[in-house]
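Asks: Here you go, one structure.
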Amino acid sequence: MSELTRVLYVEDEPDIREVAKLALEAVGGLTVHVCEGGQQALEQAEAFAPEMILLDVMMPGMDGPSTLKALRELPALAGVPVAFMTAKVQPHEIEHFKSLGAVGVIPKPFDPMTLADTVRSLWSGAP
């Protein structure tokens, strides 16, 4: 398996987007493409060819689970590991997100210094 380098991050909140992008790029050395919502992700994801996708759960328009379902319908992205980033981290909520096909859940607020390591760990453990 190669090393994770390309991450698509879908988040509607500008402040969180900026902190996560900085954490993944400056601290983690990853290449990150940021989308403001599910529709934008569907339009841009294939061209970016991510190796991992991070989805916010609560977004206006298409929420995270709807975005995941739509991304899975694109052949080029059907097998890309996805993790949700959310404050909803009760055990039953995490199980629900995993049942949708996510490899894991990253709790918000996240630690910018360890975010890239967490993402890599989820990615390397993905089937």
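Asks: Can you run down the residue pairs with Cβ atoms below 8 Å, 6 or more apart or on separate chains, where the first is in region 15-26 and buried (at least 16 other Cβ atoms within 10 Å of the Cβ) and among the hydrophobic types (A, V, I, L, M, F, W, C) and the partner is modelled with pLDDT of 95 or more and in a helix (DSSP H, G or I)?
Replies: So the pair list comes out as A20/L115; A23/L115; A23/A116; L24/L115; L24/A116; L24/V119.
Asks: Which ones in region 101-111 are under 20 Å from E51 (Cα atoms) and surrounded by 15 or more Cβ atoms within 10 Å (Cβ to Cβ)?
Replies: Within region 101-111, A102, V103, G104, V105, I106 meet the criteria.
Asks: Next question. Step by step: first the residues of region 112-127, then only those that are assigned to a helix (DSSP H, G or I) and not small (G, A, S), then the one that is surrounded by the most Cβ atoms within 10 Å (Cβ to Cβ). Which residue is that?
Replies: In this case the residue turns out to be V119.
Asks: Out of the residues in region 40-62 that are part of a loop (DSSP other than H, G, I, E, B) and touching a Leu at 6+ places or on another chain (Cβ under 9 Å), which is surrounded by the most Cβ atoms within 10 Å (Cβ to Cβ)?
Replies: P50
The values are calculated or read from the model by the stated rules, or taken from the named source; none is laboratory data. This is a predicted model, so every value here is computed, not measured. Cβ sites come from the backbone with ideal geometry, for glycine too, and all protein chains shown count toward neighbours.
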